[in-house]
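First the structure, in the form of structure tokens, and then the observations on it.
All of the numbers you see were taken from the coordinates with simple rules; none came from a lab. None of these values were measured; they are calculated from a predicted model. Glycine also receives a Cβ, built like all others from the backbone with ideal geometry; neighbour counts cover every protein chain displayed.
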Amino acid sequence: MGFKRIIAVLSASVLSTALVACASSDAAEAPAQPAAAAPAAAAAQAAQAPSAPEQPAAPAAAAAAAAPVAQSAPVAPTPQKIELRVGTVEQSTKTAEYGGTLVQMDTNDPAYKDHHKGRTITNLIVFSNIHGNLLHTDTQTRSEIVGDIATDWEVSSDGLKYTFDIREGLVTHQGHDFGASDVAYNVNRLLTQPNDKPLPRGGCLRAAADGATATGQSVEITLPSPVSSFIQCISMAYMLFQPQGILETVDADGSRDMTTEEVDGVGPFVMDKWEVDSMLSLKKNANYYKEGKPYLDEYQLAVLPDASTRIAAFRTGRVDMVPPFTTPKKPEVDAMKEALGDKVTFQQILAPGWRGFIANQNVAPLDDVRVRQAINIGLDRYEFNQLNFDGIGFLSAPYLGMFDWVYSFDEYFTWPGYRSVVSGQVEEDLATAQSLMKEAGYGPDNPLVTTVNCGTNVNDECAVLKPQLAEFYIDVEIIRKDRGARLTDANNMDFELWHESKGIEYGDPDAYHSLLYLPTSGINYTDWENADFSAGYVAQ
């Protein structure tokens with residue numbers, strides 16, 4: 001069956017202290033957490049930045065991956081303006097067709113078979129086809145919350161109790177009943193993280209809820225205080241629900257992932273086979289609870305680590321779809337659009353979140369706040385954008401500069417460290433960074449020596465980071481590891497600087513808080529905490 005092939009490029013992958021936008025040139029990596037350095041906290045002689053939560057030491061840039069190019073004197077760019085649009089999507093007039101196999105590609109396998117332990121887009125792409133959500137955002141309106149595993153729900157008048165009615169007659173792919181007790185177990189598991197194994201995408205639950213209980217076909221989730229974003233949290237795409245039986249088995253062991261044979265769910269597709277570092281296949285669930293779906297007979301994920309191989313596979317029709325974060329660079333996309341014409345669809349997708357470099361404030365010499373401030377202020381985000389992302393990136397600030405509850409992009413552009421984006425003010429910030437490093441005891445003849453933990457894509461921001469850090473007396477060694485090894489390092493807090501990219505799950509301040517800035521946050525792997533910020537979160 002033929003498909004119009006799709007390239008999904010992130011138009012503004014805005015991430016929390018970097019310069020950012022479209023698709024990354026590598027899959028999203030294992031998470032870590034902001035260090036205790038304010039986004040623009042340096043010298044008083046630099047423009048005073050507004051108060052904000054202490055940020056990851058050094059933001060980079062994210063965008064549709066761009067090949068490094070030679071750069072001379074910086075030229076002040078015109079900042080791009082993007083508009084957040086949420087509303088009704090025009091309905092297609094085409095009649096749905098049944099059958100066929102859709103082949104998507106990515107750079108590597110999902111990191112875990114136990115979805116709760118995963119945090120990457122690859123995990124979501126695969127397991128959202130296997131498991132169900134309690135609720136989810138309607139794919140047509142992009143704004144309405146609708147039921148999935150739950151058919152109805154209500155909130156108590158005081159906002160402290162949410163009751164969900166679970167769909168009757170749910171049966172997993174392997175023939176097991178699935179009901180309210182399964183849902184309650186999932187919620188409580190994400191809250192307690194058994195065996196101290198990180199379940200990173202449950203951060204918004206841990207920031208909001210006390211626990212869940214099942215009675216008959218209903219689940220009650222209690223909150224210690226009202227949280228306006230709770231429904232958005234429980235309905236986010238990553239909040240997938242797995243059968244209680246296998247989770248209990250895995251949790252009792254405490255040291256292993258699921259096996260392929262143990263993967264079970266209630267979603268539209270059934271795990272068929274998984275050839276590690278090659279491909280995996282999901283087959284249609286003939287007993288899916290949504291009548292008439294799915295349309296496809298099979299979904300396949302082809303693992304293609306090499307960028308040129310991915311482009312060739314797409315051009316020749318071996319694969320039908322390129323997901324976000326593994327898209328080709330913009331010049332390559334433009335060339336494919338010209339060559340393939342209406343056989344290919346190119347979509348730009350807003351992807352708010354965080355992208356940059358995190359400093360582990362628990363280890364010397366990065367425990368010195370002056371060093372972290374120097375990194376945050378001294379990096380040239382404009383250069384990152386040009387060299388890594390074809391100049392189409394958007395600022396990765398503490399919060400997305402498109403919402404009306406936070407600073408605008410224009411305000412962010414006045415901050416030390418961010419000013420290079422539009423004004424070309426690089427030298428002043430570089431001088432400030434050099435001064436901070438000298439105060440900390442470093443200089444041209446005595447550089448700070450450290451390491452940065454990066455993925456396997458040699459054209460990522462780490463390659464741009466090294467010469468930039470050298471300008472203010474930091475000699476960084478780039479250590480490249482595959483995703484599995486990086487996940488281990490993250491869980492053990494075994495890194496100094498860390499290259500990271502993570503998207504927020506919904507458009508609310510709490511999505512940032514529960515992912516990044518709280519002790520319970522989903523990717524707080526350095527145990528970072530700011531007492532004033534935490535108190536402000538509670539007070540809200």
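Tabulated values for the structure
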quantity	calculated
Partners for Lys329 among aspartates and glutamates (Cα-Cα distance below 20 Å; same-chain residues under 8 apart left out)	Asp26, Glu29, Asp106, Asp306, Asp320, Glu338, Asp342, Glu383, Asp390, Asp460, Glu461, Glu500
Cα-Cα over 27 Å, subset of Lys337/Lys466; Lys330/Lys502; Lys197/Lys481; Lys343/Lys502	Lys337/Lys466; Lys343/Lys502
Neighbour-count order for Leu430, Leu516, Leu304, Leu395, fewest beta carbons within 10 angstrom listed first	Leu430, Leu304, Leu395, Leu516
Qualifying trypsin sites (Lys or Arg not before Pro) in the stretch 200-262, DSSP loop, other Cβ atoms within 10 Å at most 16	Arg256
The stretch 114-260, relative contact order [Cα under 8 Å, separation at least 6], %	29
Local net charge near Phe384, Cβ-Cβ under 11 Å (Lys/Arg +1, Asp/Glu -1)	-2
Which of His116, His176 has the fewest Cβ neighbours within 10 Å, and the rest in rising order	His176, His116
Cα centroid separation, the stretch 211-254 to the stretch 477-538 (Å)	22
Whole-Å distance, taken between Cα centres, linking the stretch 278-348 and the stretch 255-270	23
